[in-house]
Every structure is written in C-alpha cells, then in structure tokens.
Ligand SMILES: [Mg+2]
C-alpha cells in the first residue's frame with residue numbers, strides 16, 4: 001500500500017521501417033508512443049503506454065501531464081478501480097473517448113504494472129492466470145503490397161513462427177480483394193487460420209457483398225467491415241454475410257462493447273488495452289464476452305495484451321502488431337510454434353530502451 005507520488009509522461013515519434021497502408025488511414029510513416037510512468041511514495045514504479053497512428057499524440061501527452069497528476073497524486077496506487085473512476089469522471093465532459101481515454105489507458109496500465117511488481121507476480125497471474133501460452137497471429141498492414149510481396153511477407157511471418165495471419169482488404173475493386181484472399185488461402189492451405197481486415201472501408205451493402213464473395217475462403221473473421229458507429233449495420237453484415245465479424249479497435253469503453261455484444265453485432269470483440277480504458281476496462285470487456293459465450297481477441301500492444309489474454313478462458317488470438325515497438329523493448333514477445341508466451345517477470349515485464357527513445361522525443 002503506497003500513495004501515488006509522481007507521474008512522468010513521455011512522447012516519442014517513432015518512424016516505421018516501412019511505410020504501412022490500410023484502406024482508411026492511408027500511408028503511415030511513423031507512430032506516436034506516449035508513455036506514462038507512475039512512482040509511488042516508496043519509490044516503486046510502473047509503466048504504461050498508449051500510441052497513435054501518427055496524430056493526436058501531443059493531446060494525449062498533454063492530458064497525462066496537465067490533468068491526470070492533479071486527479072491522482074496522493075491517492076492509493078493499488079486502488080485501480082477508484083483511480084479509473086476518478087479520472088474517467090474527472091475528465092468526462094471532454095472525454096468519453098478520444099485522447100482522454102488513451103491517456104487514462106496509459107495510466108491504468110502503469111498502475112497495474114506497479115501493482116503486479118509490488119506483488120512480485122507476472123501480470124497474468126495477478127489477473128487470475130488461465131494459460132501462459134496464447135495463440136498469436138501476425139497482423140499484416142499490407143493493402144498496397146503486390147500479391148507476390150504479400151506472399152513473401154507471409155513466408156517471412158511463417159519463418160518467425162506465426163501459425164495464423166491477418167491481411168488487409170478494402171481495395172477499390174472487390175475483385176482485387178477476392179484475388180488476394182484466394183492467393184493467400186492457396187498459399188497457406190486449408191485450415192490455416194486466416195483473417196481479413198477492411199478498416200471500416202465499406203458501406204453495409206458493400207460489406208455484405210464482400211463477405212459473401214469471401215465466404216469460400218474460410219476466413220476466421222472479417223474485421224471492421226464498416227464504421228464503428230453503425231452497430232445495427234454490423235449486425236446486418238454478420239447475419240447476411242455469413243462470415244464472423246471482429247470489431248473493437250475503434251470502440252472506446254466497456255459500454256461501447258456492451259452495445260455491440262448485446263446487439264449481436266460482433267463475433268470476436270477486439271479491445272485494444274491502450275485505447276479502451278486500460279487493463280481495468282479490457283478485463284471487464286473480456287469477462288462480458290465470456291458471459292455472452294464469445295471469444296475475445298485483441299488489437300495492438302501485444303507485449304501487454306499477452307498477459308490479459310493469458311488470464312482469460314475465452315481468449316482467442318493475440319494480435320502481434322506490425323509497428324515495430326519491439327526495437328525499443330529489452331525482451332520482446334516470444335513465439336513458440338504459433339503460441340505467444342506471457343513473460344514471467346513481475347509486472348508486464350516490458351523494459352523500454354529509454355535512451356533509444358530519448359532520441360525520438362516529440
Ligand atoms: Mg484492424
């Protein structure tokens with residue numbers, strides 16, 4: 001038991017080793033990392049982070065620097081639920097999503113890291129502990145790759161130990177998407193888990209047409225077929241398209257997920273711990289999915305999320321994201337024949353290369 005003494009925020013602009021493209025965000029050349037370090041009165045520390053795909057980082061960092069310390073310093077660091085509600089309601093009028101919930105997510109992750117480190121437990125054990133190994137897929141951001149380059153990237157991912165792969169769809173012509181998914185299915189063989197991500201590209205009618213055209217290729221799921229605001233549209237796509245639907249990287253709260261799940265609009269809820277409200281909210285979303293007899297998958301931040309899914313009996317695949325944050329982490333995620341292993345170090349076990357990051361300070 002110790003009170004929060006200080007919050008330290010970092011903002012870094014990290015260039016991508018290759019330009020990434022999807023159907024909505026266009027070309028991504030860099031991502032922003034916002035770190036939140038919490039120190040308690042006894043000198044123990046926890047670290048959290050969130051990220052953006054290139055913009056809004058200063059807004060997130062400003063909330064961490066200007067708003068959050070005033071709300072939480074002097075409060076009990078172990079009281080993650082109480083602090084979550086203080087920050088959520090303290091910033092509610094300009095919040096309920098956006099940069100506020102990204103900042104809250106970074107803080108909440110830091111507090112859970114601190115709590116687990118003080119307990120000398122790996123985070124997945126503190127959260128209950130179900131299975132240390134979690135099935136993991138490579139999340140390719142590859143919409144603009146030629147088919148040859150797509151298959152080459154796939155071979156590289158297979159060589160790294162991945163046994164499940166996600167590709168982008170949402171090219172201007174549906175026929176191009178169908179040809180690319182067909183080539184991937186032929187390359188990977190029947191039964192190999194393959195997902196496709198449309199990044200909100202389509203109208204509901206276009207998405208239904210696409211889902212039906214992709215039905216022969218046995219996709220594990222079709223992700224974000226249309227805008228996240230259209231819950232009824234997702235339910236229609238799921239019902240009429242016949243392909244399981246994953247969604248959640250653009251939902252920002254437990255209640256957003258409740259609305260989707262209760263409407264039968266999603267087969268694979270896919271929260272991102274860095275933007276859904278942190279560990280506190282992610283675990284509630286995962287348990288909500290469990291109660292509805294649904295699997296839970298994840299978006300981004302695989303180094304933290306591996307712990308969360310390792311604590312969930314209904315865990316599906318962990319997404320290994322392509323942003324390359326691994327370059328700035330001492331012991332990146334370990335894969336063993338398609339399974340990611342949760343680190344057994346206390347906390348989430350992520351040690352950032354602060355010196356390397358300092359050169360990229362924004
Ligand atoms: Mg996605």
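Where a number appears in this text, it was derived from the coordinates with a stated rule and is not lab data. Note that the structure is a prediction, hence the values are computed from the model and not measured. Glycine gets a Cβ as well: all are built from the backbone with ideal geometry, and neighbour counts include every protein chain shown.
The three principal axes of the C-alpha atoms in the range 58-157 carry coordinate ranges of 56, 34, 18 Å, sorted with the longest axis first.
Quote the Stokes-Einstein diffusion coefficient, in whole µm² s⁻¹, for the range 1-114, based on the Kirkwood radius over alpha carbon pairs, a temperature of 20 °C and a viscosity of 1.002 mPa s. My calculation gives 148 µm²/s for D.
On the basis of the beta-carbon distance and an R0 of 30 Å, residue 344 and residue 29 show a calculated FRET efficiency of 0.25.
So if each residue of separation counts as 0.36 nm, and I subtract the Cα-Cα distance between residue 176 and residue 55, what length gain in nm does that give? Display every interim value, and only then the final one.
Working: separation 121, 0.36 × 121 = 43.56 nm, distance 3.00 nm.
Computed gain between residue 176 and residue 55 is 40.6 nm.
For the pair residue 93 and residue 240 in one chain, pulling the backbone fully straight at 0.36 nm per residue adds 49.1 nm over the alpha carbon distance.
Listed peptides 173-180, 19-26 appear in the order 19-26, 173-180 once ranked by packing, highest mean of other Cβ atoms within 10 Å at the front.
Fewest Cβ neighbours within 10 Å first, please rank 150, 360 accordingly. Could the numbers behind the result be given before it?
Values: 150 20, 360 16.
By the 10 Å Cβ count, ascending, the order reads 360, 150.
Normalised by 2.2 N^0.38 Å, where N is the number of residues, the C-alpha radius of gyration of the range 125-341 stands at 0.97. Shown here is the pair-distance distribution of the range 117-242: with all Cα-Cα distances grouped in 10 Å bins from zero up to the longest one, the shares run 12, 38, 26, 16, 6, 1 percent.
Quick one: order 224, 27, 206 by neighbouring beta-carbon count within 10 Å, fewest to most.
Values: 224 26, 27 11, 206 16.
So the residues, fewest neighbours to most, are 27, 206, 224.
With the cut-off at 38 Å, report for the chain the share of all Cα pairs above it, as a whole percent. Taking all Cα-Cα pairs of the chain, the fraction more than 38 Å apart is 13 percent. One chain, two ends: residue 259 and residue 19. Fully extended at 0.36 nm per residue, the span grows by 82.9 nm beyond their Cα-Cα distance. On the beta carbon distance between residue 192 and residue 331, with R0 = 30 Å, the FRET formula returns roughly 0.60.
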